[in-house]
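Input: a single structure, listed below in structure tokens.
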Amino acid sequence: MINLDLKDRKILFELEFNARQSDTQLAKKVGLKREVVAYRLKRLEQKNVILKYHAIVNSMNLGQMMYRTYFKLQKTNPDKEREINQYLLGKFNWVTKVRGPWDIATMTFVSNNYEFDELLKEVLSIYGEFIADYWFAIMTKLHHCKRNYLLNTEDYTDVILQKTDQQIDLDELDFKLLTYLAKFGRERYLEIARKFNVNEKLIRDRVKRLIHNKIILGFTTLLNIPLLGRKYYKLHFTLNDKSREIIKKMIADGIAQQNVIYIDEGTGCADVELELQVPSTTELYSTIDNFRGKFKEAIRDYVFMEYTEEYKFEYLPNLRL
């Protein structure tokens, strides 16, 4: 755990959906000089509080489907688990170690159901001996919420990964740009233009168009959660009342929680799924009790798991023209 003062936490909060803003813009918002902000950012990077900056790419608006899969392992040892993880890293967009009913949680983008079927069968054909069980669901919406716990505030802004009516034809430069920004979201446009050997204005115009067409929803940071003194949990609620009205109310209540970072909606999954980053299990239990009390007639059951190690997180699939 690392101690962050109020100014550091303000910087991290302001970067949540707008990680490309300049040091000058950040300085005005947090009440520091530009040089001090630049120094603090560098220090947060060097201490691995900020692991990377990346674009929030709405891959569902690129004709992609989002699948989440959980795996329960058997007959493994640490070496075999590392081997399995390494394999999954090359196939999935998100891979994390979990504690609870499952051992590994993954997410991937695919063009259609058949592509996912082939991927899952490939995993099982290679490592089926070591997989005791698995479970998957199609995700239809992913709410990315602000980390209000950084400032103990109530900013209920969220961005939503989902299919929209916006249509855009991407060319090779667009794909290259998305791929680059998915890993280096704060890189200056001038530097990107030099790497791509194109004009800086072209890069700026392309990014503006990708934002307008809701392909890029913002730019954020990947943070080292344990260093913030937080534990990362996934909470699944199964409901008696599955009406859209109840689910919408629970989602709205989740967005209003300071510690809720993501809310998942989908088919084949739990009825309401929350992802929380809390300082202790006490706060996790408090959130559970709060929901069970407020929606006592609707909630049938719940289960939670802890994300203990996040190996990979990317919003962009391996797309090809």
Most fluctuating residue given options 95, 49, 30, as computed from a GNM of the chain linking Cα atoms under 10 Å: 30
Rg ratio (alpha-carbon, reference 2.2 N^0.38 Å) - region 50-90: 1.69
Along each principal axis, Cα extent of region 1-120, largest first, Å: 54, 37, 22
Under DSSP loop assignment and at most 10 Cβ neighbours within 10 Å, longest GluC sites (Glu not before Pro)-free interval of the chain: 1-153
Restraint check, 72/97; 141/234; 42/231; 72/242; 97/231, Cα-Cα greater than 22 Å: 42/231; 72/242
Environment charge at residue 77 (Cβ cut-off 14 Å; Lys +1, Arg +1, Asp -1, Glu -1): -2
Given charges at beta-carbon only (K, R positive; D, E negative), |dipole| of the chain in Debye: 1240
Mean projected area in nm² (Cα convex hull; one quarter of hull surface) for region 122-272: 13.5
Mean residue ellipticity (222 nm) of the chain, computed from DSSP H runs ≥ 4 via -39,500 (n - 2.57), nearest 500: -11000 deg cm²/dmol
Span from the region 139-212 Cα centroid across to the region 248-267 one, whole angstrom: 23
Relative contact order (%) - criterion: Cα under 8 Å, at least six apart; region: region 1-128: 19
Reciprocal mean inverse distance between Cα atoms of region 262-321 - Kirkwood radius, Å: 14.3
Normalised contact order of the chain, rounded percent, pairs of Cα under 8 Å and 6 or more residues apart: 28
Added length on full extension, which subtracts the Cα-Cα distance from 0.36 nm per residue, residue 133 to residue 183: 14.8 nm
Distance histogram in 5 Å bins (all Cα pairs of region 199-321, percent per bin): 2, 9, 16, 18, 15, 12, 11, 8, 4, 2, 1, 0
Relative compactness, the chain, computed as alpha-carbon Rg over 2.2 N^0.38 Å: 1.02
Cα-Cα P(r), region 10-60, percent of pairs per 10 Å interval: 24, 54, 17, 5
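Each reported figure results from applying straightforward, stated rules to the coordinates on display, with no laboratory input. This structure is a prediction, so every number in the text was calculated from the model and none was measured. As a convention, Cβ positions derive from the backbone with ideal geometry for all residues, glycine included, and neighbour counts pool all protein chains shown.
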